[in-house]
1. In sequence order, what are the phi-derived ³J(HN,Hα) couplings for region A:172-186 according to the Karplus relation 6.51 cos²θ - 1.76 cosθ + 1.60 with θ = phi - 60°, rounded to whole Hz, with x for glycine and proline?
2. Using heavy-atom solvent-accessible surface (probe 1.4 Å) with all chains present, what is the largest-first order of B:LEU109, A:LEU231?
3. With a point put 7 Å past each Cα toward its Cβ, work out how far B:HIS187 is from B:VAL113 in nm, to one decimal.
4. Report A:TRP211's accessible area, 1.4 Å probe, all protein chains in place, as a number in Å² to the nearest 10.
5. List the residues of region A:187-209 whose backbone N lies under 18 Å from a point placed 7 Å from the Cα of A:VAL50 along the Cα-to-Cβ direction.
6. Which shape class, rounded, prolate or oblate, goes with region B:32-102 when its Cα gyration tensor gives a ≥ b ≥ c as root eigenvalues, a/c under 1.5 marks rounded, and past that a/b bigger than b/c marks prolate?
7. Given the convex hull over the Cα atoms of region B:50-206, what projected area results after averaging over all orientations, in nm²?
8. Need one value: the accessible area of A:TYR294 in square angstrom, 1.4 angstrom probe, rounded to the nearest 10.
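The values are calculated or read from the model by the stated rules, or taken from the named source; none is laboratory data. Source: prediction; values computed, not measured. Don't worry about glycine lacking a Cβ; one is built from the backbone with ideal geometry, like all the others, and counts go over all protein chains shown. Ligands, DNA and RNA are stripped out before the accessible areas are found, and what is left, the full protein with its side chains, is counted by its heavy atoms. Shrake-Rupley method; radii C 1.70, N 1.55, O 1.52, S 1.80 Å.
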2 protein chains.
Amino acid sequence: MASEQNQEKFRGLKSAWSFLKGFPGGIVNAVVSVAREAKKLGKDDSRRIVHSFKVGLAITIVSLFYYFDFLYDGFGVSAMWAVITVVVVFEFSVGATIGKGVNRGIATLVGGVLGVAVHCLASVTGKHAESIVLGLSVFLISTAATFIRFFPQLKARYDYGLLIFILTFCLISVSGYRDDEVIEMAHTRLSTVAIGSCATVLICIFICPVWAGEDLHNFTADNIETLGIFLEDFQGKYFETTNDKSEENEENQDSLDGYKVVLNSKGTEDSLINFAKWEPRHGKFKYRHPWDQYVKIGKSTRECAYKIDALNCYVISEMQAPVEIPRKIQEPCSTMSLECSQTLKELATVIKKMTRSSISDPHIKNAVIAAKSLKSMMQNGPWPETDLLNLIPAATVASLLIEIVSSTIKISDSVSQLASLSKFKTCNIPP
Amino acid sequence: MASEQNQEKFRGLKSAWSFLKGFPGGIVNAVVSVAREAKKLGKDDSRRIVHSFKVGLAITIVSLFYYFDFLYDGFGVSAMWAVITVVVVFEFSVGATIGKGVNRGIATLVGGVLGVAVHCLASVTGKHAESIVLGLSVFLISTAATFIRFFPQLKARYDYGLLIFILTFCLISVSGYRDDEVIEMAHTRLSTVAIGSCATVLICIFICPVWAGEDLHNFTADNIETLGIFLEDFQGKYFETTNDKSEENEENQDSLDGYKVVLNSKGTEDSLINFAKWEPRHGKFKYRHPWDQYVKIGKSTRECAYKIDALNCYVISEMQAPVEIPRKIQEPCSTMSLECSQTLKELATVIKKMTRSSISDPHIKNAVIAAKSLKSMMQNGPWPETDLLNLIPAATVASLLIEIVSSTIKISDSVSQLASLSKFKTCNIPP
């Protein structure tokens, strides 16, 4: 019994020792892996590092209000609102920062004015009724403003403003119960918020700015390019697979999965468009750039991606068509796939460079011709009478490719609309 | 000349008059349309109205700190932090509110402790170096914390916490330069934030709570049901269309477009899952409910929706198959479509009621049998030798339906996993 207890103690000590021995190693491992991830994050997009330094700089500059007497004397403790504003308003892109800054500024103004008005109204009613009038108005206005936040048109652009409106209104009107200097208070709060917002927006714009509009523009072009790359790879790999039945299928599959990011691109796109609308003209983007056109391009890109997802099934599907049938339709299918791929890649370049060629795209015409020739070829046989099952996957691939051609035309149309709306330059390439 | 001027004046007056005459009407119209939209918003989800009143109530309760002397004496002006916390933390669902409240509480604690520590360190160095030490530490810590916000694992759950950490740290450490009562300040801020967070969370949970987990659960079930409804309608309308070539095609199309919400469901799903993880056990959902399983179900549901989107092309596509060929494959296609529809609808019911039947689903078996019979039927002809073009759309529909059957099996598997992980009740229905 005693020896058993001893043994147990020994075991306990042993595990404690191994834990302690592992402890520094564990911490070192954790630190190393965090450092590795931080390095990767910075490498993937070095603007993240710059952004972090910009935030640090903005906060440090605004906190100077505390260190210098001649700055501090103006605002006193309220200077903290400037610091708070910087921390809360500074976002990654210029558009998001301006949006938040403008929302915060206007909401503070409106909330402050309404707060002062309610305070005046309440103080007229006498000390006894004052708290009731204040409480009731706070209840009613915050309830109404909270409900207004559900309106979808307002939610997208002014949600933060409505929040700050409720906040400022409550602070000013309720504080007025204890301190009659409400106008002074509202004024100080407004000016500190304005100083904080301005400092933030200026630093955000003038030190290595990150434009949401540019990100959106490149995001749209990249998505279209990704689909083009898929179609190119697919053309090679589908016919290769059906010819060789190679076992590298799975490896090939990995390189084909790139398009999947396009399927769920709507969220990113929506927020980028929302931010881009706040931005002033910059770089290649003029005032009133047709940002809404990117919604249309995004929609048709995703529609094409859904069809590509269906097509992708046939690369991994077990029911592969045997060799002889795909070969018959290989040529037009190959052509459709390649020409669509070329069209999409060129569209991506058109968007990226904001330059369109004066000659209308020949690739899309070739794709349409290939689709027509495929149809006529299928009408005029000859085809084996039975064994339709083996034909189905090939027929489906052909049919989906025909659908993809029409999707590509849709994308091309929406890109041309963007090109004419935002007046892309035209360059004349000799045919 | 004079008469022309007079005429112009008259025209100006006339347009001004018509503007003034239209003015009240315009306002009335605007008010009416806003009221109509508000009514619709409230009708669509009455919890929005309740939520607005809850927010109003919480703010009013917390602002009592200002009205009663015995409450006000404890915190003074700092009571405003409690009001601010309520306004900022109160979200629509319980999970989101708890998440923000916990983030805010812990971040205030950590930021406050670090702020006090830096203040002590700075005050040791002497008045001259103090501002430099403070400024440098504010710069470094806010830069580092801003960079940490980019880590994807932290961004999802702790982004708000990191923001509040920067905020509190800067406020406490910088305020310490002017006011040596930093510990008192940090303590007051922490307790007011704690009071605000607790009041918010309590009101959010105990008055008509909106559980993100329940919303996620129903959202998942609804999405699956939507796909089931599409397949049922498709079965009727595709063969109806190809038989009758009716011109009501466009009308039919509208009722088929319901599935499109599923295509872009990822964003809503992700945020609901994130919120649901913060929630305590409630209703049918136990502690440690397998929320991550909903990611899998959502993924396979969307995969099925992409295939349905490809299928939907053939309802609106111009290249409709002629009557005789679809009739041959009509029976197995109809069966696949209907049985998949039944399976999906039953899966939705299983999720909604959290009860599974002990008998494994017969519908999915029927669908698989129909797929097999379609394959063998196609192998054994007889089929017209030429005119393959007309066969293609029908073959594609058949082929996509076969893919949809395998997608349905995937959804069914992930739902069964959820059922076993969260121990759904089993009910024995006689066969």
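1. Ordered by residue, 3J(HN,Hα) equals 5, 5, 6, 4, x, 5, 9, 9, 7, 7, 5, 5, 4, 4, 4 Hz.
2. My answer, sorted largest first, is B:LEU109, A:LEU231.
3. About 1.7 nm, to one decimal.
4. Counting only protein heavy atoms, the figure is 40 Å².
5. Those under the cut-off are A:200-209.
6. Prolate, since a/c reaches 1.5 and a/b exceeds b/c.
7. Projected over every direction and averaged, the Cα hull of region B:50-206 covers 9.7 nm².
8. Here the accessible area works out near 0 Å².
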